[in-house]
Amino acid sequence: MNIRLFQVDAFANNIFEGNPAAVCPLDSWPADSVLQNIAAENNLSETAFFVKDGDGYHLRWFTPAFEIDLCGHATLASAHVLFQHLGYDKETLKFHTLSGVLKVRKEEEYLSMNFPAWEAKEIEAPKELILGLGTNPAKVFKTRDYLAVFETEEEVRNIEPDFHLLTALEVVGVIVSAPGEKHDFISRFFAPRAGVNEDPVTGSAHSTLVPYWSEVLNKNELHARQISPRGGELFCEMKDERVIIKGKALTFLEGEINI
């Protein structure tokens, strides 16, 4: 079996920035074990696979450890591959996913994704979360992930997590966030249970972050940055109870998987 593979830097203005995703276009679905083994072999935050499906594409995402229900950067990367390399010539793409239909529009040099908005419910901070982060957040919320809110960008930059302790938490990942010094808000994302200690740029985390910061800052259009070592920039909007996430993508490599 030969499968085309693209590696794309998503939410990046230049190569070696943003979050690298592997993208594999398929004619049909192999066994899930094959998909998981490819993702583990790639050892990136996510590997995306898609198959033509009616008027759109069936899109799935795998971390090195398991299939995930929503992934932003690998959706952006998949749209980039279709627009840039596979000749898709319409303005809007439709992906059928575990999180419903996700649409991606090409807007000049940007790709604009329409994602679900997740309402964060405030909770008491679990002891394991505080110990895992090594610091006490101002507030903690929960959606698919934990959201730990801090007062300053510096506090978020200085966090040195104990990934072993965070692995015990029954969530996909832990978002840490604060108001930004040059952006509306900044964040980091830790997902050791998914095989990704710190994710470079996490589109799906913004399904939680954008509704939260939109309400706190009383504005619908938000400029965000994920302050991982690679870093990435996102332009976000709360719109009709959905989250719009815009970013750029660049192709790093093209190749072929031989199984």
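The values are calculated or read from the model by the stated rules, or taken from the named source; none is laboratory data. Computed from a predicted structure; not experimentally measured. Cβ atoms come from the backbone with ideal geometry, glycine included; neighbour counts cover every protein chain shown.
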- Message: Contact list please: Cβ distance under 7 Å, first residue in the stretch 175-187 and among the acidic types (Asp, Glu), second residue surrounded by 19 or more Cβ atoms within 10 Å (Cβ to Cβ), pairs at least six apart or on different chains.
- Response: Glu181/Glu153; Asp184/Trp213; Asp184/Leu222; Asp184/Ala224
- Residues of the stretch 54-76 being assigned to a loop (DSSP other than H, G, I, E, B) and touching a His at 6+ places or on another chain (Cβ under 9 Å), in sequence order, are Gly54
- Hey, among the residues in the stretch 210-229 that are under 17 Å from Tyr146 (Cα atoms) and touching a strand residue (DSSP E or B) at 6+ places or on another chain (Cβ under 6 Å), which one's surrounded by the fewest Cβ atoms within 10 Å (Cβ to Cβ)? Trp213
- Heads up, the helices (runs of 4 or more DSSP H) in the stretch 108-217 (entirely inside) with at least 1 residues that are more than 20 Å from Glu46 (Cα to Cα) and of a type in the set (S, T, N, Q) are 206-217
- Query: Within the stretch 68-124, how many residues are among the aromatic types (Phe, Trp, Tyr), more than 19 Å from Gly173 (Cβ to Cβ) and touching a residue at least 24 places away in the same chain (Cβ under 8 Å)?
  - Reply: 3
- Residue list for the stretch 6-22, restricted to those being part of a loop (DSSP other than H, G, I, E, B) and either touching a Phe, Trp or Tyr at 6+ places or on another chain (Cβ under 7 Å) or among the polar types (S, T, N, Q) (or both): Asn13, Asn14, Ile15, Gly18
- Note on the structure: Restricting the stretch 65-96 to residues that are hydroxyl-bearing (Ser, Thr, Tyr) and surrounded by 19 or more Cβ atoms within 10 Å (Cβ to Cβ), the one farthest from the chain's Cα centre (by Cα) turns out to be Ser78
- Note on the structure: Result of the Cβ filter at 8 Å on the stretch 40-67, keeping first residues that are within 27 Å of Phe190 (Cα to Cα) and not assigned by TED's automatic domain parsing to the domain that holds Val201 and partners that are part of a loop (DSSP other than H, G, I, E, B) and among the charged types (D, E, K, R), at least 6 apart or interchain, is Ser45/Asp199; Trp61/Glu46; Phe62/Glu46; Thr63/Glu46
- Item | Selection within the stretch 195-206 - surrounded by fewer than 24 Cβ atoms within 10 Å (Cβ to Cβ) and either touching a strand residue (DSSP E or B) at 6+ places or on another chain (Cβ under 7 Å) or assigned by TED's automatic domain parsing to the domain that holds Thr63 (or both) | Asn197, Glu198
